[in-house]
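Following: one structure in structure tokens, then a few remarks.
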Amino acid sequence: ASIDRAVEVLTGRRIAVLTGAGVSTDSGIPDYRGKGAPTRTPMTAQQFLASAEARRRYWVGSHLGWKVFAAAEPNDGHRALADLEAAGVANGVVTQNVDGLHVRAGSGRVVELHGTMRRVGCLHCGQVFDRRDLAERVEADNPWITLPENVELGPDGDVTPASADGFIVPACSVCGGMLKPDVVFFGEYIPVEKFREAEQLVHTSEALVIAGSSLVVNSGIRLVERARRRRLPVVIINRGETRADRRAAVKIDGGTTDVLRAFAQRLPGLL
Ligand code: OAD
Ligand code: ZN
């Protein structure tokens with residue numbers, strides 16, 4: 001019934017979509033704050049920069065997690081969003097996820113607010129590397145590295161390594177500088193231009209749909225505020241509470257995969 005109401009509210013409007021970790025749980029990637037989420041404390045950028053030991057631990061976990069991420073597949077929810085964009089209903093997707101699944105599902109305009117696991121940057125010279133190529137180097141330098149059994153995968157694609165002793169951290173092949181995956185670390189700021197791009201997408205749309213985010217993180221809630229200030233209706237699809245439930249025109253407490261699929265079936269005919 002709330003799906004019907006949402007369809008009514010969204011009919012004839014170009015929509016901006018903001019997604020969070022919830023859209024990827026059906027692809028086997030855990031979220032941060034949902035039921036069964038791992039209770040780890042993510043490493044901060046300060047800790048990463050401060051010690052070689054921290055970087056060793058980070059890189060072992062990030063490398064192993066990348067292998068799991070690379071094997072994950074987009075689900076029907078990601079595909080529905082790509083379909084909605086192709087049909088001219090969705091303007092694009094702003095995502096807080098770093099798993100790259102929207103891009104792989106075929107969405108064209110994707111603003112990755114928290115960066116992406118697919119790229120690694122040199123903090124010294126700025127050179128950007130493809131993660132796949134880098135992962136091959138990591139494997140060659142650390143032939144002993146294997147995925148432990150029963151891994152607890154983190155939402156940012158890292159695992160907690162049993163040990164990081166002896167791990168050789170990759171360095172920039174151009175200048176030897178320190179490398180860091182192109183993701184926003186816990187407690188780090190989103191680049192200003194990136195947030196502008198997200199804002200722009202909301203400002204050029206006529207409704208905002210939130211899918212699979214608790215909206216605990218400020219950038220997400222700020223986009224809701226932007227939408228509200230412009231009197232755009234906000235539709236939320238999320239299992240469990242979000243920080244903007246009271247500001248939503250419709251809240252659907254259901255699975256994003258099913259609901260987005262229903263939107264993709266029903267909205268294009270109504271434009
Ligand atoms: P959260 O884990 O905070 O929220 C995900 C929400 O999705 C939870 O409320 C889940 O109950 C819900 N959920 C899970 N699977 C679902 C499904 N299949 N259908 C519907 N709902 C589902 O994740 P985010 O809001 O994305 O930032 O977290 C935002 C940011 O917090 C992350 O990007 C990360 C973290 O700090 C950085 O790392 C910078
Ligand atoms: Zn470099």
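When you go through (1) exposed (fewer than 14 other Cβ atoms within 10 Å of the Cβ); (2) closer than 17 Å to Gly22 by Cα; (3) modelled with pLDDT under 95 one by one for Leu153, which number turns out not to apply?
Condition (1) is where Leu153 drops out.
Out of all the residues in region 243-253, is one or more among the acidic types (Asp, Glu), over 17 Å from Arg14 (Cα atoms) and in contact with a helix residue (DSSP H, G or I) (Cβ under 9 Å, 6 or more places away or on another chain)?
Checked against the condition, which is being among the acidic types (Asp, Glu), over 17 Å from Arg14 (Cα atoms) and in contact with a helix residue (DSSP H, G or I) (Cβ under 9 Å, 6 or more places away or on another chain), region 243-253 yields at least one hit.
Applying the selection to region 98-111, what residues are free of Cβ contacts under 8 Å to residues at least 40 places away in the same chain and farther than 20 Å from Ala87 by Cβ?
Going residue by residue through region 98-111, those that are free of Cβ contacts under 8 Å to residues at least 40 places away in the same chain are 100, 103-108, 110.
Passing the criteria: only Gly100.
Checking Ser163 against (1) modelled with pLDDT of 95 or more; (2) more than 16 Å from ligand 2 (Cβ to nearest atom); (3) surrounded by fewer than 20 Cβ atoms within 10 Å (Cβ to Cβ), which single condition isn't satisfied?
The number of the failed condition is (1).
Residues that are at pLDDT 95 or above and closer than 23 Å to Ser107 by Cα: find the helices (runs of 4 or more DSSP H) completely inside region 1-72 holding 3 or more of those. Before the answer, list the steps.
Values: elements: 2-10, 45-50, 52-71.
Fully inside region 1-72 and qualifying: 2-10.
So which residues in region 71-124 are hydrophobic (A, V, I, L, M, F, W, C) and surrounded by fewer than 19 Cβ atoms within 10 Å (Cβ to Cβ), if there are any at all?
In the first step, residues of region 71-124 are kept if they are hydrophobic (A, V, I, L, M, F, W, C); the result is 71-72, 80-82, 84, 86-87, 89-90, 93-94, 98, 101, 103, 105, 110-111, 113, 117, 120, 122-123.
The answer is Ala71, Ala72, Ala86, Ala87, Val103, Leu123.
Quick one: how many residues across region 195-248 are surrounded by fewer than 17 Cβ atoms within 10 Å (Cβ to Cβ) and among the small types (Gly, Ala, Ser)?
1
Checking Arg229 against (1) more than 25 Å from Val120 (Cα to Cα); (2) within 16 Å of ligand 1 (Cβ to nearest atom), which single condition isn't satisfied?
(2)
For region 82-114, how many residues are touching a helix residue (DSSP H, G or I) at 6+ places or on another chain (Cβ under 6 Å) and assigned to a helix (DSSP H, G or I)?
Of the residues in that region, 6 qualify.
The values are calculated or read from the model by the stated rules, or taken from the named source; none is laboratory data. Keep in mind it's a predicted model, so treat the numbers as computed, not measured. Note that we place each Cβ from the backbone using ideal geometry, even for glycine, and neighbour counts take in every protein chain shown.
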